[in-house]
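Colleague: This is the structure I want to talk about, given as structure tokens.
The values are calculated or read from the model by the stated rules, or taken from the named source; none is laboratory data. Everything numeric in this text was worked out from a predicted model, so none of it was measured. Glycine gets a Cβ as well: all are built from the backbone with ideal geometry, and neighbour counts include every protein chain shown. Side chains are part of the model used for accessible areas, which takes the heavy atoms of the whole protein and leaves out ligands, DNA and RNA. Shrake-Rupley method; radii C 1.70, N 1.55, O 1.52, S 1.80 Å.
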Amino acid sequence: MAAEDLPSQFDVVILGTGLTESVIAAACSRVGQSVLHLDRRNYYAGNWASFTFNGLLSWIEEYKNQQEVQIAESEQVWRSLIDEGEDVMPLTSVDSTISNLEVFSYASEEEEKDETKTPLTSCQPVNAETESEETKGGSTEGQDTCTGDDATESNGKTQNEEHQEQHTSEIAEPSQSQDEKEPQPISSPADPPVEVEKKITYQKLLKEGRRFNIDLVSKLMYSRGALVDLLIKSNVSRYAEFKNISRILTCRNGKVEQVPCSRADVFASKQLTVVEKRMLMKFLTFCLDFEQHPEEYQDYSEKPFSEFLKSKKLTENLQDFILHSIAMVTQQTLTEEGLKATQHFLRCLGRYGNTPFLFPLYGLGEIPQCFCRMCAVFGGIYCLRHSVQCLVVDKGSNKVKAVIDTRGQKIGCSHFVVEDSYIRDEQRQSTAYRQISRAVLITDRSVLPSESDQQISLVTIPPVGSSAPAVRMVELCSSSMTCMPGTYLVHLTCSSSGTAQEDLAPVVSQLFDVPAIPGEEPSGGSEERSKPAVLWVMYFNMRDTSAQDSSGYSLPSNVHVCTGPDSGLGSNYSIKLAESVFHHLLPDEDFCPPAPNPEDIIYDGDGPQAEGSGFDESNNTEEDKSQAEEEKSPSTESSEPAEMDSVTQETPLDTSPPSEE
Amino acid sequence: MEDYDYLFKIVLIGNAGVGKTCLVRRFTQGLFPPGQGATIGVDFMIKTVEIKGVKVKLQIWDTAGQERFRSITQSYYRSANALILTYDITCEDSFRCLPEWLREIEQYANNQVVTILVGNKIDLADKREVHRQRAEEFAEAQSMLYLETSAKESDNVEKLFLDLACELIREAKQNTLDNNDSTPMPGEGKNINYLSCCSMN
């Protein structure tokens with residue numbers, strides 16, 4: 001099957017499966033365009049991908065190898081495919097968007113059989129040769145296959161335990177798999193999960209590697225942002241499940257505390273005085289419809305939001321909360337922009353929960369895949385591990401008429417959409433890029449333990465000095481399906497001023513217990529132990545091409561470049577870009593209209609109720625659909641709509657499929 | 001008014017051309033062969049069956065062609081209650097690829113998933129390349145159920161889905177006992193599905 005040839009003509013060829021490209025693919029396919037969607041990697045989503053722990057180690061290996069190997073281009077293969085009047089424009093086969101990758105492991109290297117109750121030991125010094133550490137990572141490929149055995153086992157009769165261990169707290173499982181069992185803080189929510197009885201070894205991380213889904217990009221979804229709107233509008237939301245971000249934290253004077261942002265939070269807050277509560281509520285209420293009261297802020301329209309906040313006689317405490325954690329803007333941001341950001345935050349509150357954000361289960365990397373699925377359902381063809389060597393450009397019109405893929409096949413197309421990292425430097429006006437600094441940590445407990453150990457937290461960390469960047473941290477718990485029970489997955493992100501390690505290591509050591517001396521256990525003092533221990537950390541920089549626009553490239557007019565992930569918290573930028581590329585390609589078409597709901601097509605009895613052709617468009621009544629959600633079965637299926645038991649019920653969105661015949 | 005006691009998501013995987021779509025269409029619509037291209041725009045098919053008075057709604061997902069170039073999205077496997085791993089008994093190659101599929105299952109499907117191995121196209125008995133016993137042994141070694149079917153002759157197709165449904169009900173009941181609570185699907189906190197909720201209005 002692998003050697004099967006591709007069709008020789010498509011309307012649109014898309015290279016790269018990041019969020020923007022995937023949305024464009026789905027949108028084009030949805031309105032009947034023939035789409036070929038390729039990615040040179042063996043996984044979906046490019047820099048938006050998420051990996052199991054073992055998968056991430058392979059990715060790290062790949063990065064290292066790519067630093068060394070430069071593949072010689074095999075020009076001869078495609079020379080013969082070029083006709084007269086055609087020009088060739090090669091693409092790059094090397095991805096150089098990731099840099100300064102460093103990995104450190106602090107999890108014990110011991111075999112994991114023991115019942116010891118020692119605290120976590122440090123094995124690797126912070127400044128150990130990353131080289132050796134990374135090599136170790138690579139050599140774990142073998143481990144990968146090892147885990148196969150366990151899983152096969154659990155495929156059978158022991159499945160249930162594993163499953164419940166993960167999701168249900170109070171159940172005592174039969175002790176089938178002793179060493180499977182994690183002393184989970186879950187089981188005793190009463191005491192703070194400080195005493196992790198059994199250390200998590202490196203072996204354990206590898207063995208449980210598939211429970212991790214580690215995103216390269218760390219973003220949240222604004223519940224009224226462009227991405228959520230698009231997921232709902234297009235019905236792509238049915239492919240994924242989501243969780244609320246349960247709290248917003250901030251770090252002030254080295255202390256992590258909760259930001260009161262919803263009405264309920266404000267009133268429940270213990271750190272605010274009654275006067276502050278009143279002040280804050282009044283201010284937030286004003287922000288909700290600040291446009292109605294221009295007199296309140298017009299004197300500050302040319303001045304920073306931070307000054308405006310001062311003028312409002314808010315306490316310093318409150319000013320910090322609003323500036324850094326609610327508006328999430330800088331000291332320099334102008335008043336109106338700050339007000340808009342605050343308003344957006346407030347409007348997103350309460351749609352699904354009492355923070356403005358959602359997070360997809362299994363990580364952000366699911367989202368591009370969901371759009372790819374939509375594209376495939378409408379006939380798009382998918383090939384991973386398959387790229388384009390060069391574009392065939394018609395000299396007369398300066399348009400791409402075909403591409404030559406990595407198998408040497410010439411594939412005609414009317415449009416070519418490509419992710420920025422496939423473009424050669426010769427085609428760029430400038431190769432000076434902004435960078436995003438990232439750190440990914442596996443830790444043993446939350447930065448702010450609470451009654452529930454299953455919190456997803458956004459932590460805003462205001463800049464320390466004037467030159468330091470504001471750092472955004474997302475702490476994920478195991479029920480987000482991104483890390484193994486008993487651990488937390490922590491993402492740090494900021495716009496780079498130096499390397500990721502330079503930018504973020506200070507924050508990491510401020511908030512976490514990072515063993516400094518090789519072989520030494522973290523000191524038992526309460527001070528140290530109040531911080532979560534870092535088991536594993538990775539730093540890297542990712543290129544941020546979001547500032548580029550089409551004028552930044554010298555490319556044929558029907559080539560559309562999608563820049564990579566930006567540094568923002570939401571995904572608005574990428575979605576807007578996808579929409580704009582789509583409208584450029586197909587000015588008269590609707591962008592991602594709702595896909596027909598399969599629930600509309602019900603085959604109940606025997607015998608066909610619809611012949612083949614009647615099947616492809618939903619022509620059933622709307623009623624079927626709305627009934628489908630009436631009842632949640634005892635064993636619910638994920639994509640089945642459920643009752644929303646959270647705060648505010650959203651006004652119904654009109655997402656009914658077009659009921660044209 | 002649609003009502004059911006259980007709803008299960010069943011996902012088909014296996015090489016291209018082994019008859020996955022035919023199995024689904026045969027079961028849900030009683031059709032064979034399915035009209036080509038007719039599946040465009042269809043995510044999954046639904047059939048509600050009744051087993052011993054219990055109404056079970058089966059949501060059956062097909063690969064949307066992404067298996068053709070071995071490019072199935074991981075998200076496809078998430079939250080499936082059951083997997084039907086299909087090969088073609090007249091095609092040795094489709095049988096040899098099974099370990100590869102099992103690796104994907106192991107990586108991306110939840111641990112609790114029920115997997116059944118299906119050898120399809122038994123109507124082409126004279127072209128058989130994979131002996132039944134070999135497949136049975138393989139399935140047993142991997143703790144999978146095994147069944148041979150013909151989507152064309154409708155042999156065992158009904159049985160395949162009904163057996164699966166029975167197994168899923170059994171497991172669900174077991175979990176309810178263990179849990180004293182409705183079993184959440186993997187990762188499904190009590191209050192997820194916010195989005196689907198709104199999208200269904």
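Colleague: Taking a probe of 1.4 angstrom, what is the accessible area of A:Thr563 in Å², to the nearest 10?
Modeller: For A:Thr563, solvent-accessible area is about 10 Å².
Colleague: Suppose a student asked you for the relative contact order of the range B:61-109, using Cα pairs under 8 Å spaced at least 6 residues apart; what percent would you report?
Modeller: Relative CO of the range B:61-109 lands at 38 percent.
Colleague: How large is the accessible surface per residue of the range A:449-512, computed with a 1.4 Å probe and reported in Å² as a whole number?
Modeller: Here the residues of the range A:449-512 average 30 Å² of exposed surface.
Colleague: Suppose the Debye formula is applied to equal point scatterers at every Cα of the range A:278-323; what is log10 I(q)/I(0) at q = 0.24, 0.27, 0.33 Å⁻¹?
Modeller: -0.92, -1.13, -1.36
Colleague: Calculate, axis by axis, the spread of Cα positions in the range A:259-357 along the three principal axes, and write the results as whole Å, longest axis first.
Modeller: Between the extreme Cα coordinates on each principal axis of the range A:259-357 lie 35, 28, 24 Å.
Colleague: Defining a contact as two alpha carbons under 8 Å apart and six or more residues distant in sequence, what relative contact order in percent does the range A:359-457 show?
Modeller: So the answer I get is 12 percent.
Colleague: Could you work out the percent of alpha carbon pairs in the range A:318-372 separated by over 20 Å, rounded to a whole number?
Modeller: Tail of P(r) above 20 Å: 43 percent of Cα pairs.
Colleague: With a 1.4 Å probe and all protein chains left in place, how much accessible area per residue does the range A:259-357 have, in Å²?
Modeller: Result: 49 Å² per residue.
Colleague: Here is a further query. Using a 1.4 Å probe on the protein heavy atoms only, what accessible surface does A:Arg41 show? Give it in Å² to the nearest 10.
Modeller: 20 Å²
Colleague: In addition: Can you work out ³J(HN,Hα) from phi for every residue in the range A:282-296, in order, using Karplus 6.51 cos²θ - 1.76 cosθ + 1.60 and θ = phi - 60°, giving whole Hz and x for Gly and Pro?
Modeller: Once rounded to whole Hz, the list reads 5, 5, 5, 4, 4, 4, 4, 10, 4, 4, 6, 10, x, 4, 5.
Colleague: Using a 1.4 angstrom probe on the protein heavy atoms only, could you order A:Glu295, A:Glu589 from most to least accessible area?
Modeller: Ranked list, largest accessible area first: A:Glu295, A:Glu589.
Colleague: Please compare each pair in B:Lys55/B:Lys173; A:Lys207/B:Lys9; A:Lys219/A:Lys576; A:Lys233/A:Lys399; A:Lys207/A:Lys243; A:Lys204/A:Lys243 to a cut-off of 23 Å on the Cα-Cα distance and tell me which ones are over it.
Modeller: A:Lys207/B:Lys9; A:Lys233/A:Lys399; A:Lys207/A:Lys243; A:Lys204/A:Lys243
Colleague: Could you list which residues have their amide H under 5 Å from that of A:Val88, counting only those 5 or more apart in sequence or on another chain, with H placed in the peptide plane?
Modeller: Sorted by chain and number, the residues that satisfy this are A:Val393.
Colleague: Under 20 Å between C-alpha atoms is the cut-off here; go through the range A:259-357 and count lysine pairs that meet it, provided they're at least eight residues apart or on different chains.
Modeller: Here the count comes out as 14.
Colleague: Could I ask something else about it? Pull up all non-local amide H partners of A:Ile214: gap of 5 or more, or a different chain, and H-to-H distance under 5 Å with H placed in the peptide plane.
Modeller: HN-HN under 5 Å from A:Ile214: A:Phe51, A:Thr52.
Colleague: Right, another one. State to the nearest 20 debye the size of the charge dipole of the range A:259-357 about its Cα centre, where the only charges are +1 on K and R beta carbons and -1 on D and E beta carbons.
Modeller: 500 debye
Colleague: In Å², nearest 100, what accessible area do chains A and B bury in total when the solvent probe is 1.4 Å?
Modeller: It comes to approximately 8300 Å² buried between A and B.
Colleague: In whole Hz, what ³J(HN,Hα) sequence does the range B:15-26 give by Karplus (6.51, -1.76, 1.60; θ = phi - 60°), x for Gly and Pro?
Modeller: 4, 5, x, 8, x, 4, 4, 4, 4, 5, 5, 4
Colleague: Quick one: Cα centre-to-centre distance for the range A:462-512 and the range A:201-227, in angstrom?
Modeller: 14 Å
Colleague: Under 5 Å between amide hydrogens, which residues at least 5 positions from A:Thr17 or on another chain qualify, with H placed 1.01 Å from N in the peptide plane?
Modeller: It is A:Ala45, A:Gly46, by chain and number.
Colleague: Sorted by accessible area (1.4 Å probe), largest first, how do A:His386, A:His415 line up?
Modeller: A:His415, A:His386
Colleague: Let me ask you something else. Need one value: the accessible area of B:Thr115 in square angstrom, 1.4 angstrom probe, rounded to the nearest 10.
Modeller: 10 Å²
Colleague: Assign one of three labels to the range A:408-474, namely rounded, prolate or oblate, based on the Cα gyration tensor with a ≥ b ≥ c the square roots of its eigenvalues; rounded applies when a/c is under 1.5, prolate when it is not and a/b is larger than b/c, and oblate otherwise.
Modeller: Oblate, because a/c is 1.5 or more while a/b does not exceed b/c.
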